[in-house]
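See structure below.
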Amino acid sequence: MAGRRSLRVRLLLAATCSVVAALVLAGVGLTLVFEQHVERRLESELVNHLNQLTAALELGPDGAPRVAGALSDPRFVKPYGGLYWQIEDPGDGAIHSRSLWDFSLDLPPDPLSTGDLHRHRLAGPAGSELLAIERGVRLGGRAFRLAVAIDRREIQANVRDFGWDTALSLGILAMVLLGAAAAQVAVGLRPLQGLRAELARVHAGRAQRLEASFPSEVQPLVDDLNTLLEQQMAAVERARTQAGNLAHGLKTPLTVLAAERRKLAARGAAATAEVLGQQIEAMRRQIDYQLARARAASSSRRPGIAAPVAPVVERLARVIRRVGANPEVELVVEVAPEHAFAGEAQDLEEMLGNLLDNACKWARRRVRVASLSSGGQVAIVIDDDGPGLPAERREEVFERGRRLDQSVPGSGLGLAIVRDLAEIYGGRVALEDSPEGGLRVRLELPAPEPAARAG
């Protein structure tokens, strides 16, 4: 199935069929031409022998025809030697060469004028087929029919030898032509391999559009692809702008409500102000959550984006060390600088910010962040030395608004946001036992595709 869909295989098959068909037809045609050439050469040779026979024909004392002397070719005297002559006297029978031995040529009784040459195919000795040339001659007032014939097996042998030689030569020519066709296909498809490499650069985040120059036959396709990429990026930017405008439009009323909450608290309505503050914070977190999902959904379909992991982790680590809820926790970063995420840096920061903030809240003394890369995925592993989490309760923390410990501050949306964002990008997040003694969070995300070679 893969071979049928391969343009290279199709072109090579077409070239192979064309070369083989052309060379087979050429071989058949050359063989037929050679056979006709051999027959014409033998006919010329037979005419020469017939001329010799005519010149040697004489009448004996008894009036019977005879041949004065022997003809030049020794095959005339060798029984069934392949070359024969015969002289027919309409009234007195026929005489023939010693090579015919006890066989007579059965010449057709067609009218034959003096000097005319007739060409025949006759049955010969031992089931052979003969090529014969016949001439009418008048001598002493009498009409004679003189015929010279040759075994066609000589023609067939020559044609067979020529056929083998031609087949060998055409076979060598076929290999040369197929090699040239393979080279031509490789050169012709090289621009497509270059196009594939450019697309891989876009997918890997190393380029935003196809930059290389291509032949005039391929360039329109490249221009169309660049137009599609630009339209897609423009659509993503419009969606993100609209989402930002929506967030701004929603957060402005929330800011007003927060100001009113502070006024209520100043007037002594502390209980009402606290309830209102909780609802405002819940609404703000929901807005952030939905905006993060919308941003990730648009970015996950956008080619050519890549975010290095190490700078994001280092930036978050600096913030947490400075303003974190637990300043006594040591945050150790062991992220490889070459590891990257095939998505927006803002989404990666959203996911890691929630995970690191959660780990530092529960850790006693140490949080460790490391990264691994395998099979087109980058895994970011966060270990803490906190109390951990029982395996049967780990799924609960991913439920939106679910908080297992009400004494620890939070909205219960952090891990839900992480899972949703990871799944939008085709990744996953898992909770495991940590070798540090607490909880391990393993965030697996797609890595940028490596750049393909142009071949």
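Residues checked against (1) over 20 Å from Asp151 (Cα atoms); (2) open to solvent by less than 70 Å² (accessible area, probe 1.4 Å); (3) small (Gly, Ala, Ser):
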| residue | (1), (2), (3) |
| --- | --- |
| Leu12 | yes, yes, no |
| Leu23 | yes, yes, no |
| Glu43 | no, yes, no |
| Val47 | no, yes, no |
| Leu50 | no, yes, no |
| Gly81 | no, yes, yes |
| Tyr84 | no, yes, no |
| Arg98 | no, no, no |
| Asp106 | no, no, no |
Among residues of the stretch 113-162, those that are aliphatic (A, V, I, L, M), touching a residue at least 24 places away in the same chain (Cβ under 8 Å) and open to solvent by less than 40 Å² (accessible area, probe 1.4 Å), counted: 13
Given (1) buried (at least 23 other Cβ atoms within 10 Å of the Cβ); (2) under 21 Å from Ile320 (Cα atoms), index of the condition Glu349 fails: (1)
Inter-residue pairs, beta-carbon under 7 Å, first under 17 Å from Ala282 (Cβ atoms) and in the stretch 252-263, second β-branched (Val, Ile, Thr) and at pLDDT 75 or above, 6+ apart: Leu254/Ile280; Leu257/Ile280; Ala258/Ile280; Arg261/Ile280
For Ala70: the one exception among (1) more than 28 Å from Trp164 (Cα to Cα); (2) aliphatic (A, V, I, L, M); (3) open to solvent by 60 Å² or more (accessible area, probe 1.4 Å); (4) not in a loop (DSSP other than H, G, I, E, B): (4)
Long-range neighbours under 7 Å by Cβ, at least six apart or interchain, first residue within 12 Å of Val137 (Cα to Cα) within the stretch 47-65, second charged (D, E, K, R) and open to solvent by 20 Å² or more (accessible area, probe 1.4 Å): Leu50/Arg135; Thr54/Arg135; Glu58/Arg66
Number of the condition not met by Val176 [criteria: (1) more than 30 Å from Asn48 (Cβ to Cβ); (2) open to solvent by less than 40 Å² (accessible area, probe 1.4 Å); (3) free of Cβ contacts under 8 Å to residues at least 40 places away in the same chain; (4) not small (Gly, Ala, Ser)]: (2)
Among the candidates Gly194, Gly188, residue that is touching a residue at least 24 places away in the same chain (Cβ under 8 Å), crowded, with 18+ Cβ neighbours inside 10 Å, out of contact with any Asp or Glu (no Cβ under 6 Å at 6 or more places or on another chain) and in a helix (DSSP H, G or I): Gly194
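The values are calculated or read from the model by the stated rules, or taken from the named source; none is laboratory data. Nothing here was measured: the structure is a model prediction, and the numbers come from that model. Here Cβ is always computed from backbone atoms with ideal geometry, including for glycine, and neighbour counts include all displayed protein chains. Just so you know, the surface numbers come from the protein's heavy atoms only, side chains and all, with ligands and any DNA or RNA stripped out. Shrake-Rupley method; radii C 1.70, N 1.55, O 1.52, S 1.80 Å.
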